[in-house]
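For reference, the structure discussed in these notes is given below.
The values are calculated or read from the model by the stated rules, or taken from the named source; none is laboratory data. The shown structure was predicted, so the numbers you read here are calculated from the model rather than taken from an experiment. Positions of Cβ are backbone-derived with ideal geometry, glycine not excepted, and every protein chain shown enters the neighbour counts. Accessible surface is based on the protein model in full, side chains and every heavy atom, while ligands, DNA and RNA are left aside. Shrake-Rupley method; radii C 1.70, N 1.55, O 1.52, S 1.80 Å.
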Amino acid sequence: MSIFVDMIGVFDSGAGGLSVLREILKILPRERYIYFADNAFCPYGEKTPQFIQDRARFITDYLLEQGADIVVVACNTATAAAISTLRQEYSIKFIGMEPAVKPAALSSESGVIGVLATAGTLKGSKYLNTKGIYKNDARIEERVGQGFVELVERGLLDGPEVEETVRASLKPLLDEGADRIVLGCTHYPFLREVIQRIAGPDVEVIDPAPAVARQLLRVMTAEGIVREDALEPLPDIRLEASGDPTTSNRLLQRIISEK
Ligand code: DGL
């Protein structure tokens, strides 16, 4: 029986979950990873929960077959639609995304926070419950980041088209007085520079990925499965995609070189 995890599986509807893997690699650099981009079916945002559950099962089966024994659902939409089903049906641990409403609501000075996410995430019970808990700490305004996922999937992270697309969804939140912007979709951190530029220096942009990475570390530490044997922290990452892997490959090289 191994004393460490053989492989950590990470998946998303596309390249977005690499923004979560980037944070995981900072604190768990010695593990082996398999990342699955389900980009043949991207975006998940407007798909039914049943469809996403079916994809999540298919991907989980594949990751398990490849040797993964813990899975990070690096997608807010899939977490909302499928993580409770996955936890019921499989005996491995799943780590999901948390909407970062709490840190935003508790730190906001204007008393207004903005949440950018997909339609599926904003309708999910997890998000609605969290929103209910913090509704007295801050007014919560939300918008779907229209077109954001598609830009990232095209590998387009800056420039006039990105500015225009980001502005259209972000501006209404800023006009409401939001001083915290929660990135409720794992694709959006790849547009963070543009989001911050438009929002200005007084607005804090919050990405939940570092907290999700810490949660993975907590779970693995509790299970005693953190790998400590490798001498050099070498990223050992296999990337698979159900569609064209070009953008995911490019973003993977980018997050590795940023480390
Ligand atoms: N990256 C995803 C999320 O965190 C899914 C985006 C999509 O496919 O619509 O929600």
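At-a-glance table
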item	result
Peptide ranges 59-71, 178-190 listed from the most packed, as the mean C-beta count within 10 angstrom indicates	178-190, 59-71
Helix runs (DSSP H) in the chain reaching 15 Å along axis by Cα, Kyte-Doolittle at least -0.5	49-65, 76-89, 160-175, 209-223, 246-258
About the Cα centre, charge dipole magnitude for the stretch 12-102 (Lys/Arg +1, Asp/Glu -1 at Cβ), debye	280
Gain upon complete extension [Lys171, Glu193; 0.36 nm per residue less C-alpha separation]	6.4 nm
Local net charge near Gly96, Cβ-Cβ under 14 Å (Lys/Arg +1, Asp/Glu -1)	+3
The stretch 91-197, accessible area per residue, ligands and nucleic acids excluded (1.4 Å, Å²)	44
Sequence-separation-based contact order of the stretch 176-259, relative, with Cα cut under 8 Å and 6+ spacing, percent	23
Taking all pairs of distinct alpha-carbon atoms in the chain, Kirkwood radius in angstrom	18.4
The stretch 139-232: GluC sites (Glu not before Pro) falling in loop per DSSP and having at most 16 other Cβ within 10 Å	Glu176, Glu228
Residue-span extension gain [Leu64 to Thr246] - 0.36 nm each, minus C-alpha spacing	63.1 nm
Relative contact order for the chain, counting Cα pairs under 8 Å that sit 6 or more residues apart, in percent	31
Modelled label reach - Glu164, point 7 Å along Cα→Cβ, the stretch 181-202 residues with backbone N closer than 20 Å	191-199
Percent accessible area from carbon and sulfur atoms, the chain, protein chains only, probe 1.4 Å	50
Links that overshoot a 28 Å alpha carbon limit, given the list Lys26/Lys171; Lys93/Lys171; Lys102/Lys171; Lys93/Lys135	Lys26/Lys171; Lys93/Lys171; Lys93/Lys135
Dipole of the chain [Lys/Arg +1, Asp/Glu -1 at C-beta], most positive-end residue of Ile59, Gly132, Met97	Gly132
Distance (nanometres) between label positions extended 7 Å along Cα→Cβ at Ser125 and Glu223	2.4
Extended-chain gain in nm, criterion 0.36 nm per residue less alpha-carbon gap, Ile27 and Arg154	42.9 nm
Unit charges on C-beta of K, R, D, E only; dipole of the stretch 185-259, Debye	140
Computed accessible area, Lys93, all protein chains, 1.4 angstrom probe, square angstrom	100
Rough spin-label spacing in nm, given labels placed 7 Å along Cα→Cβ, for Phe51 and Arg238	2.9
